[in-house]
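Please read the structure below before turning to the comments.
Read-outs: derived from the displayed coordinates by stated rules, not from any lab. Here the structure is a predicted model, which means the values were calculated and not measured. As a convention, Cβ positions derive from the backbone with ideal geometry for all residues, glycine included, and neighbour counts pool all protein chains shown.
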Amino acid sequence: MTVPAEFIRAHTRPERPPLVPEIQLLVAADVVALWEAMAVEQGRTDEEPPFWAAAWPGGQALARYVLDHPDVVAGRSVLDLGAGSGLVAVAALLAGAERVVASEIDPFGLAAIPENAALNGVSGIEPVGDLLGEPPPAVDVVLAGDVCYDRIMTERVLPFLDAARTAGAEVLVGDPGRPYLPHDRLVEAAVHDIADADSSAGRPARIRRTTVWRLP
Ligand SMILES: C[S@@+](CC[C@H](N)C(=O)[O-])C[C@H]1O[C@@H](n2cnc3c(N)ncnc32)[C@H](O)[C@@H]1O
């Protein structure tokens with residue numbers, strides 16, 4: 001199913017993620033109302049939450065990293081794995097990436113990505129669906145923001161990232177301290193303390209120590 005761009009614009013508002021204020025992102029004004037509207041739009045009740053309507057800490061840390069270190073992506077081909085809103089893909093284009101592919105399984109995310117790109121004056125992000133379980137595409141850099149959010153997803157993601165690294169890609173993972181990552185075989189590239197997106201719902205901000213990890 002294709003989600004109309006009007007749906008994305010009607011249920012979100014532009015905000016600047018705290019760690020990457022250079023970028024504007026369409027985020028949920030009301031997560032619960034948006035989730036309900038997604039179910040109605042899709043005609044089903046088992047819809048995943050609107051992962052795509054927030055700037056996750058891991059994505060913010062990775063976006064910050066490529067904006068601060070544009071040489072990592074400038075003139076290179078990039079895969080944003082689990083792109084969500086496309087925050088990391090947008091940052092890669094702003095940092096000078098030649099080509100950016102965004103892998104996302106949620107049709108709402110796939111609709112949000114070009115909207116977020118346009119909001120930031122970039123375009124051309126190539127959408128793809130689920131790549132896990134396949135050989136990684138031939139790209140120079142793989143960026144994975146907050147994709148190790150549960151054990152099953154992590155078990156699918158890690159072999160994919162290892163295969164990309166073995167094929168010669170630079171692989172960077174942004175992660176807010178989730179327990180599933182094998183930290184002992186990753187190299188720390190940057191660390192940030194980031195206020196959780198939950199704080200926008202009136203709860204006190206939870207600070208998430210978030211690391212950009214490199215596969216050696
Ligand atoms: C926690 S969100 C992170 C989004 C974004 N990277 C960020 O940091 O803001 C994880 C995203 O992974 C997506 N996802 C889950 N399984 C996937 C798969 N097999 N392939 C691509 N994306 C997937 C989800 O739909 C969700 O948008």
For the stretch 43-138, state which trypsin sites (Lys or Arg not before Pro) are in a DSSP loop and have at most 13 other beta carbons lying within 10 Å of their beta carbon. ARG44
First obtain the Kirkwood hydrodynamic radius of the chain from its Cα pairs, then insert it into the Stokes-Einstein equation at 20 °C and 1.002 mPa s, and state the resulting D in µm² per second as a whole number. 125 µm²/s
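Where nothing but the Cβ of Lys and Arg (+1) and of Asp and Glu (-1) is charged, how large is the charge dipole of the chain around its Cα centre, in debye to the nearest 20?
Values: 17 positive and 31 negative charges, 91 e Å.
Charge dipole of the chain: 440 debye, to the nearest 20.
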How high is the relative contact order of the chain, given as a whole-number percent (alpha carbon pairs under 8 Å, six or more residues apart)? 19 percent
Farthest toward positive dipole pole in the stretch 29-164 [+1 Lys/Arg, -1 Asp/Glu at C-beta], among SER77, LEU131, ALA117: SER77
Once ALA33 and ALA205 are pulled to full extension, the length gained, defined as 0.36 nm per residue separation minus their Cα-Cα distance, is 59.8 nm
7 Å from Cα along Cα→Cβ at both ARG165 and GLU6: what's the point-to-point distance in nm? 4.7 nm
Under 12 Å from the ASP68 label point (7 Å along Cα→beta-carbon), backbone N, the stretch 2-35: 19-20
Per principal axis, largest first, the Cα atoms of the stretch 27-93 extend in Å by 44, 20, 14
Residue-count net charge about LEU19 - beta-carbon cut-off 15 Å; Lys, Arg +1, Asp, Glu -1: -2
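Restrict the search to the stretch 75-177; then list the GluC sites (Glu not before Pro) that DSSP places in a loop and that have at most 14 other Cβ atoms within 10 Å of their Cβ.
Here the GluC sites (Glu not before Pro) that fit, given the DSSP loop and packing criteria, are GLU98.
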Positive end of the charge dipole of the chain (Lys, Arg +1 and Asp, Glu -1 on Cβ, about the Cα centre): tell me which of ALA37, ALA144, PRO216 has its Cα farthest that way. PRO216
